[in-house]
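The structure appears below as C-alpha coordinates.
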Amino acid sequence: MTTAFETVPSVRTPSPLEPLPHQLLTLLGQHRMATTHQLHELLRPGAARQTVSAPLNKLRRDGLVDYTVLPASNRSRAWYLTSEGARLIKDFPALRGRPAYPISSATAASLKTPHTLTVVRSHLAFVTDARRRGDEHGHLDWTPEVAHPLGDGERIITDAVMHYTLLEGNERTKLRAFVEVDRATMGSERLASKLIEYARLWSYEPQPVGRPRSRQPATAGAVWLRWYPVFPRVLFVLTGASPYVLGNRISDLQAMVAEHPLVGTLARQVPMGAAVLEDLEERGPTADVWVPLARGGSRPWTEL
(Lines give C-alpha, C1' and ligand atoms only; values in the text may rest on other atoms or scores of the structure.)
Protein backbone atom coordinates (compact mmCIF):
# COMPACT_ATOMS: atom_id res chain seq x y z
CA MET A 1 0.00 0.00 0.00
CA THR A 2 1.02 3.63 -0.24
CA THR A 3 0.22 6.76 1.68
CA ALA A 4 -1.94 9.31 -0.11
CA PHE A 5 0.02 11.79 -2.17
CA GLU A 6 -0.43 14.11 -5.10
CA THR A 7 0.82 12.53 -8.30
CA VAL A 8 2.59 14.60 -10.92
CA PRO A 9 0.17 14.94 -13.84
CA SER A 10 1.40 13.30 -17.00
CA VAL A 11 0.78 14.39 -20.55
CA ARG A 12 -1.87 12.59 -22.56
CA THR A 13 0.64 10.80 -24.79
CA PRO A 14 3.95 9.72 -23.19
CA SER A 15 6.95 11.65 -24.47
CA PRO A 16 8.89 9.77 -27.16
CA LEU A 17 12.06 11.21 -25.62
CA GLU A 18 11.63 8.97 -22.57
CA PRO A 19 12.84 5.45 -23.42
CA LEU A 20 10.01 2.96 -23.71
CA PRO A 21 11.68 0.44 -21.34
CA HIS A 22 11.78 3.19 -18.68
CA GLN A 23 8.08 3.90 -19.27
CA LEU A 24 7.23 0.20 -18.99
CA LEU A 25 9.06 -0.12 -15.67
CA THR A 26 7.42 3.05 -14.36
CA LEU A 27 3.94 1.91 -15.38
CA LEU A 28 4.39 -1.50 -13.77
CA GLY A 29 5.69 0.20 -10.63
CA GLN A 30 2.59 2.40 -10.58
CA HIS A 31 -0.03 -0.25 -11.38
CA ARG A 32 1.71 -3.39 -9.96
CA MET A 33 0.64 -5.49 -12.97
CA ALA A 34 -0.70 -5.11 -16.52
CA THR A 35 -1.24 -7.26 -19.58
CA THR A 36 0.70 -6.80 -22.81
CA HIS A 37 -2.45 -5.36 -24.40
CA GLN A 38 -2.98 -2.89 -21.55
CA LEU A 39 0.64 -1.73 -21.66
CA HIS A 40 0.35 -1.31 -25.42
CA GLU A 41 -2.86 0.74 -25.19
CA LEU A 42 -1.60 2.92 -22.33
CA LEU A 43 1.82 3.69 -23.80
CA ARG A 44 1.80 3.19 -27.57
CA PRO A 45 -1.77 3.04 -28.91
CA GLY A 46 -1.82 2.53 -32.65
CA ALA A 47 1.73 1.22 -32.84
CA ALA A 48 2.60 -2.34 -33.82
CA ARG A 49 2.23 -4.83 -30.97
CA GLN A 50 5.91 -5.73 -31.31
CA THR A 51 6.75 -2.16 -30.27
CA VAL A 52 5.87 -3.07 -26.68
CA SER A 53 6.41 -6.84 -26.60
CA ALA A 54 10.04 -6.64 -27.76
CA PRO A 55 11.28 -4.37 -24.93
CA LEU A 56 9.19 -6.35 -22.41
CA ASN A 57 10.98 -9.54 -23.41
CA LYS A 58 14.32 -7.73 -23.17
CA LEU A 59 13.46 -6.52 -19.66
CA ARG A 60 12.55 -10.08 -18.74
CA ARG A 61 15.90 -11.38 -20.00
CA ASP A 62 17.54 -8.70 -17.85
CA GLY A 63 15.66 -9.99 -14.79
CA LEU A 64 13.65 -6.79 -14.22
CA VAL A 65 10.16 -8.04 -15.10
CA ASP A 66 8.38 -11.35 -15.38
CA TYR A 67 4.92 -12.52 -16.37
CA THR A 68 2.18 -14.97 -15.57
CA VAL A 69 0.01 -16.55 -18.28
CA LEU A 70 -3.66 -15.76 -17.82
CA PRO A 71 -6.03 -18.75 -17.85
CA ALA A 72 -8.38 -19.22 -20.81
CA SER A 73 -6.83 -16.24 -22.59
CA ASN A 74 -4.95 -17.67 -25.58
CA ARG A 75 -1.77 -17.39 -23.48
CA SER A 76 -2.08 -13.68 -22.77
CA ARG A 77 0.59 -12.42 -20.38
CA ALA A 78 0.27 -10.27 -17.27
CA TRP A 79 3.56 -8.51 -16.50
CA TYR A 80 4.96 -7.43 -13.14
CA LEU A 81 8.23 -6.24 -11.60
CA THR A 82 10.72 -8.65 -10.10
CA SER A 83 12.57 -7.79 -6.90
CA GLU A 84 15.43 -6.42 -8.99
CA GLY A 85 13.02 -4.34 -11.06
CA ALA A 86 11.38 -2.95 -7.92
CA ARG A 87 14.80 -2.02 -6.53
CA LEU A 88 15.69 -0.22 -9.75
CA ILE A 89 12.55 1.96 -9.91
CA LYS A 90 12.49 3.11 -6.29
CA ASP A 91 14.32 6.33 -7.19
CA PHE A 92 12.33 7.10 -10.36
CA PRO A 93 10.98 10.67 -9.96
CA ALA A 94 7.44 9.69 -10.97
CA LEU A 95 7.31 7.02 -8.26
CA ARG A 96 8.82 8.87 -5.31
CA GLY A 97 6.85 8.14 -2.19
CA ARG A 98 5.25 5.04 -3.68
CA PRO A 99 6.72 1.86 -2.20
CA ALA A 100 7.45 -0.92 -4.68
CA TYR A 101 5.92 -4.27 -3.87
CA PRO A 102 7.49 -6.86 -6.16
CA ILE A 103 5.60 -10.07 -6.85
CA SER A 104 7.69 -13.00 -5.76
CA SER A 105 6.43 -15.70 -8.13
CA ALA A 106 4.04 -16.53 -10.95
CA THR A 107 1.82 -18.24 -8.36
CA ALA A 108 1.64 -15.06 -6.28
CA ALA A 109 0.95 -13.08 -9.46
CA SER A 110 -1.94 -15.33 -10.42
CA LEU A 111 -3.66 -14.54 -7.11
CA LYS A 112 -3.48 -10.80 -7.76
CA THR A 113 -4.41 -10.73 -11.43
CA PRO A 114 -8.25 -10.67 -11.35
CA HIS A 115 -8.65 -7.52 -9.26
CA THR A 116 -5.45 -5.74 -10.29
CA LEU A 117 -6.12 -6.14 -14.01
CA THR A 118 -9.75 -5.06 -13.60
CA VAL A 119 -8.55 -1.85 -11.95
CA VAL A 120 -6.22 -1.27 -14.94
CA ARG A 121 -9.17 -1.93 -17.28
CA SER A 122 -11.08 0.82 -15.50
CA HIS A 123 -8.16 3.21 -15.87
CA LEU A 124 -7.79 2.39 -19.57
CA ALA A 125 -11.45 3.31 -20.15
CA PHE A 126 -10.76 6.81 -18.79
CA VAL A 127 -7.46 7.14 -20.71
CA THR A 128 -9.11 6.15 -24.00
CA ASP A 129 -11.96 8.59 -23.46
CA ALA A 130 -9.58 11.41 -22.51
CA ARG A 131 -7.58 10.91 -25.71
CA ARG A 132 -10.77 11.03 -27.77
CA ARG A 133 -11.93 14.22 -26.06
CA GLY A 134 -8.54 15.92 -25.84
CA ASP A 135 -8.58 15.98 -22.02
CA GLU A 136 -5.51 15.48 -19.84
CA HIS A 137 -5.35 12.06 -18.22
CA GLY A 138 -2.32 9.85 -18.71
CA HIS A 139 -0.83 6.59 -17.53
CA LEU A 140 0.49 8.07 -14.27
CA ASP A 141 -2.66 10.03 -13.35
CA TRP A 142 -4.18 6.94 -11.72
CA THR A 143 -2.64 5.70 -8.47
CA PRO A 144 -3.86 2.32 -7.17
CA GLU A 145 -4.01 1.31 -3.52
CA VAL A 146 -3.85 4.66 -1.76
CA ALA A 147 -4.29 4.69 2.03
CA HIS A 148 -5.77 7.49 4.14
CA PRO A 149 -6.06 7.55 7.96
CA LEU A 150 -9.44 7.39 9.68
CA GLY A 151 -8.23 7.72 13.28
CA ASP A 152 -7.94 5.10 16.03
CA GLY A 153 -5.25 3.39 13.96
CA GLU A 154 -7.71 2.65 11.15
CA ARG A 155 -7.37 3.60 7.51
CA ILE A 156 -9.27 3.39 4.26
CA ILE A 157 -7.53 1.96 1.19
CA THR A 158 -9.08 3.14 -2.05
CA ASP A 159 -8.65 1.04 -5.18
CA ALA A 160 -7.37 4.09 -7.06
CA VAL A 161 -7.07 7.86 -6.87
CA MET A 162 -7.68 9.48 -10.25
CA HIS A 163 -6.46 12.90 -11.43
CA TYR A 164 -8.16 14.26 -14.54
CA THR A 165 -8.10 17.65 -16.27
CA LEU A 166 -11.21 18.49 -18.27
CA LEU A 167 -10.60 20.81 -21.23
CA GLU A 168 -13.53 22.88 -22.45
CA GLY A 169 -12.52 25.72 -24.76
CA ASN A 170 -9.93 27.76 -22.91
CA GLU A 171 -10.97 26.42 -19.51
CA ARG A 172 -9.09 23.70 -17.63
CA THR A 173 -10.97 22.05 -14.77
CA LYS A 174 -9.01 19.74 -12.47
CA LEU A 175 -11.06 16.81 -11.19
CA ARG A 176 -10.14 14.10 -8.73
CA ALA A 177 -11.90 10.89 -7.77
CA PHE A 178 -11.65 7.99 -5.40
CA VAL A 179 -12.40 4.92 -7.53
CA GLU A 180 -13.69 1.65 -6.08
CA VAL A 181 -13.70 -1.32 -8.46
CA ASP A 182 -16.21 -4.02 -7.53
CA ARG A 183 -16.13 -7.46 -9.17
CA ALA A 184 -19.16 -8.72 -7.22
CA THR A 185 -16.90 -10.90 -5.07
CA MET A 186 -18.08 -9.40 -1.76
CA GLY A 187 -21.53 -9.03 -0.31
CA SER A 188 -23.54 -6.04 -1.46
CA GLU A 189 -23.87 -4.67 2.08
CA ARG A 190 -20.11 -4.84 2.57
CA LEU A 191 -19.63 -2.90 -0.66
CA ALA A 192 -22.10 -0.24 0.46
CA SER A 193 -20.38 0.07 3.84
CA LYS A 194 -17.35 1.45 1.97
CA LEU A 195 -19.37 4.66 1.77
CA ILE A 196 -19.27 4.90 5.56
CA GLU A 197 -15.48 4.82 5.43
CA TYR A 198 -15.41 7.66 2.90
CA ALA A 199 -17.80 9.65 5.08
CA ARG A 200 -15.49 9.07 8.04
CA LEU A 201 -12.51 10.26 6.01
CA TRP A 202 -14.44 13.37 4.94
CA SER A 203 -15.32 14.25 8.54
CA TYR A 204 -12.11 13.14 10.31
CA GLU A 205 -10.09 15.87 12.00
CA PRO A 206 -7.07 14.78 14.05
CA GLN A 207 -7.22 16.34 17.51
CA PRO A 208 -4.24 17.63 19.50
CA VAL A 209 -3.35 15.50 22.50
CA GLY A 210 -5.47 16.41 25.51
CA ARG A 211 -8.45 17.76 23.53
CA PRO A 212 -11.72 15.85 22.95
CA ARG A 213 -12.23 14.27 19.54
CA SER A 214 -14.45 16.12 17.09
CA ARG A 215 -16.60 14.45 14.48
CA GLN A 216 -17.83 17.60 12.77
CA PRO A 217 -17.99 17.88 8.95
CA ALA A 218 -14.85 18.79 7.08
CA THR A 219 -13.26 22.12 7.98
CA ALA A 220 -9.78 23.57 7.71
CA GLY A 221 -8.55 20.82 10.01
CA ALA A 222 -9.84 17.90 7.94
CA VAL A 223 -7.13 15.30 7.33
CA TRP A 224 -7.90 14.97 3.60
CA LEU A 225 -6.81 18.60 3.07
CA ARG A 226 -3.23 17.38 3.40
CA TRP A 227 -3.53 15.96 -0.13
CA TYR A 228 -6.55 17.46 -1.93
CA PRO A 229 -7.86 21.04 -2.32
CA VAL A 230 -11.41 19.63 -2.50
CA PHE A 231 -12.67 16.22 -1.45
CA PRO A 232 -12.48 13.89 -4.49
CA ARG A 233 -15.59 12.46 -6.10
CA VAL A 234 -16.43 8.89 -5.12
CA LEU A 235 -16.91 6.54 -8.09
CA PHE A 236 -17.88 2.87 -8.01
CA VAL A 237 -17.09 0.78 -11.11
CA LEU A 238 -18.97 -2.53 -11.13
CA THR A 239 -18.49 -5.72 -13.16
CA GLY A 240 -18.51 -9.49 -12.83
CA ALA A 241 -22.24 -10.17 -12.61
CA SER A 242 -25.48 -9.88 -14.59
CA PRO A 243 -27.06 -6.47 -15.23
CA TYR A 244 -29.79 -7.39 -12.75
CA VAL A 245 -27.30 -8.16 -9.96
CA LEU A 246 -25.22 -5.07 -10.69
CA GLY A 247 -28.37 -2.95 -10.66
CA ASN A 248 -29.23 -4.29 -7.21
CA ARG A 249 -25.73 -3.45 -5.97
CA ILE A 250 -26.12 0.12 -7.21
CA SER A 251 -29.50 0.30 -5.46
CA ASP A 252 -27.83 -0.81 -2.21
CA LEU A 253 -25.26 1.97 -2.57
CA GLN A 254 -28.11 4.46 -3.01
CA ALA A 255 -29.88 3.01 0.04
CA MET A 256 -26.77 3.60 2.16
CA VAL A 257 -26.78 7.25 1.07
CA ALA A 258 -30.46 7.56 1.98
CA GLU A 259 -30.26 5.75 5.33
CA HIS A 260 -26.91 6.63 6.90
CA PRO A 261 -26.84 10.20 8.28
CA LEU A 262 -23.13 10.88 7.76
CA VAL A 263 -23.10 9.30 4.29
CA GLY A 264 -26.15 11.36 3.37
CA THR A 265 -24.39 14.52 4.50
CA LEU A 266 -21.34 13.57 2.42
CA ALA A 267 -23.54 12.97 -0.64
CA ARG A 268 -24.92 16.50 -0.38
CA GLN A 269 -21.37 17.88 -0.55
CA VAL A 270 -19.47 15.43 -2.76
CA PRO A 271 -20.51 14.00 -6.17
CA MET A 272 -20.85 10.20 -6.02
CA GLY A 273 -21.87 7.72 -8.68
CA ALA A 274 -21.73 4.14 -9.94
CA ALA A 275 -21.35 2.65 -13.41
CA VAL A 276 -20.83 -0.73 -15.07
CA LEU A 277 -17.30 -1.27 -16.42
CA GLU A 278 -18.49 -2.70 -19.72
CA ASP A 279 -20.52 0.47 -20.31
CA LEU A 280 -17.44 2.59 -19.66
CA GLU A 281 -15.48 0.53 -22.19
CA GLU A 282 -18.22 0.59 -24.83
CA ARG A 283 -19.54 4.15 -24.46
CA GLY A 284 -16.88 6.00 -22.47
CA PRO A 285 -16.97 7.48 -18.94
CA THR A 286 -18.27 10.83 -20.21
CA ALA A 287 -21.39 9.20 -21.66
CA ASP A 288 -24.62 9.01 -19.66
CA VAL A 289 -23.61 5.78 -17.92
CA TRP A 290 -23.22 6.94 -14.28
CA VAL A 291 -26.02 6.57 -11.76
CA PRO A 292 -25.82 9.27 -9.07
CA LEU A 293 -25.89 7.70 -5.59
CA ALA A 294 -28.00 10.60 -4.32
CA ARG A 295 -30.66 9.70 -6.93
CA GLY A 296 -31.28 11.25 -10.33
CA GLY A 297 -30.94 10.24 -13.95
CA SER A 298 -27.84 8.77 -15.59
CA ARG A 299 -25.17 11.26 -16.63
CA PRO A 300 -21.41 11.63 -17.29
CA TRP A 301 -19.10 11.31 -14.29
CA THR A 302 -18.07 14.93 -14.80
CA GLU A 303 -21.67 16.04 -14.15
CA LEU A 304 -22.52 14.01 -11.07
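Name the pairs whose Cβ atoms lie under 6 Å apart, with the first residue in segment 138-150 and under 13 Å from HIS123 (Cα atoms), the second assigned to a strand (DSSP E or B) and among the small types (Gly, Ala, Ser), and 6 or more positions between them or separate chains?
Every condition considered, the pairs that remain are TRP142/ALA160; PRO144/ALA160.
Any residue at all in segment 94-108 that's part of a helix (DSSP H, G or I), over 13 Å from ARG32 (Cβ atoms) and at pLDDT below 80?
Yes, the conditions are met somewhere in segment 94-108.
Please find, within segment 159-172, the residue that is farthest from HIS115 (Cα to Cα) out of those that are in contact with a helix residue (DSSP H, G or I) (Cβ under 8 Å, 6 or more places away or on another chain) and not aliphatic (A, V, I, L, M).
At the first step, the residues of segment 159-172 found to be in contact with a helix residue (DSSP H, G or I) (Cβ under 8 Å, 6 or more places away or on another chain) are 159-160, 162, 164, 166-167.
Still in the list and also not aliphatic (A, V, I, L, M): 159, 164.
Details: ASP159: 9, TYR164: 22 Å.
So, considering only residues that are in contact with a helix residue (DSSP H, G or I) (Cβ under 8 Å, 6 or more places away or on another chain) and not aliphatic (A, V, I, L, M), the one farthest from HIS115 (Cα to Cα) is TYR164.
How many residues does segment 234-289 hold that are part of a helix (DSSP H, G or I), among the acidic types (Asp, Glu) and free of Cβ contacts under 8 Å to residues at least 24 places away in the same chain? Give the steps one after another, and end with the answer.
First, pick out the residues of segment 234-289 that are part of a helix (DSSP H, G or I): 243-259, 261-269, 277-283.
Subset that is among the acidic types (Asp, Glu): 252, 259, 278-279, 281-282.
Filter once more, so that each one left must be free of Cβ contacts under 8 Å to residues at least 24 places away in the same chain: 259, 279, 282.
The number of residues fulfilling the criteria is 3.
In segment 58-83, which residues are in a helix (DSSP H, G or I) and surrounded by 13 or more Cβ atoms within 10 Å (Cβ to Cβ)? I'd like the intermediate steps shown before the answer.
First pass over segment 58-83, keeping only residues in a helix (DSSP H, G or I): 58-61, 83.
The answer is LYS58, LEU59, ARG60, SER83.
Conditions: (1) surrounded by 22 or more Cβ atoms within 10 Å (Cβ to Cβ); (2) within 19 Å of MET186 (Cβ to Cβ); (3) of a type outside the set (A, V, I, L, M). ASP252 meets all but one. Number of the miss?
So ASP252 meets the others, but not (1).
So, of the residues in segment 3-57 that are surrounded by fewer than 18 Cβ atoms within 10 Å (Cβ to Cβ) and β-branched (Val, Ile, Thr), which turns out to be modelled with the highest pLDDT?
Result: THR36.
Restricting attention to segment 282-289, does a residue exist that is touching a Lys or Arg at 6+ places or on another chain (Cβ under 6 Å) and of a type in the set (Val, Ile, Thr)? Give the derivation first.
Going residue by residue through segment 282-289, those that are touching a Lys or Arg at 6+ places or on another chain (Cβ under 6 Å) are 288-289.
Still in the list and also of a type in the set (Val, Ile, Thr): 289.
The answer is yes, given that some residue of segment 282-289 is touching a Lys or Arg at 6+ places or on another chain (Cβ under 6 Å) and of a type in the set (Val, Ile, Thr).
Matching residues to (1) modelled with pLDDT of 95 or more; (2) under 17 Å from the mean Cα position of the chain (by Cα):
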| residue | (1), (2) |
| --- | --- |
| VAL127 | yes, yes |
| GLY138 | no, yes |
| THR143 | no, yes |
| ARG172 | no, no |
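The values are calculated or read from the model by the stated rules, or taken from the named source; none is laboratory data. This structure is a prediction, so every number in the text was calculated from the model and none was measured. Backbone-built Cβ (ideal geometry, glycine too); neighbour counts: all protein chains shown.
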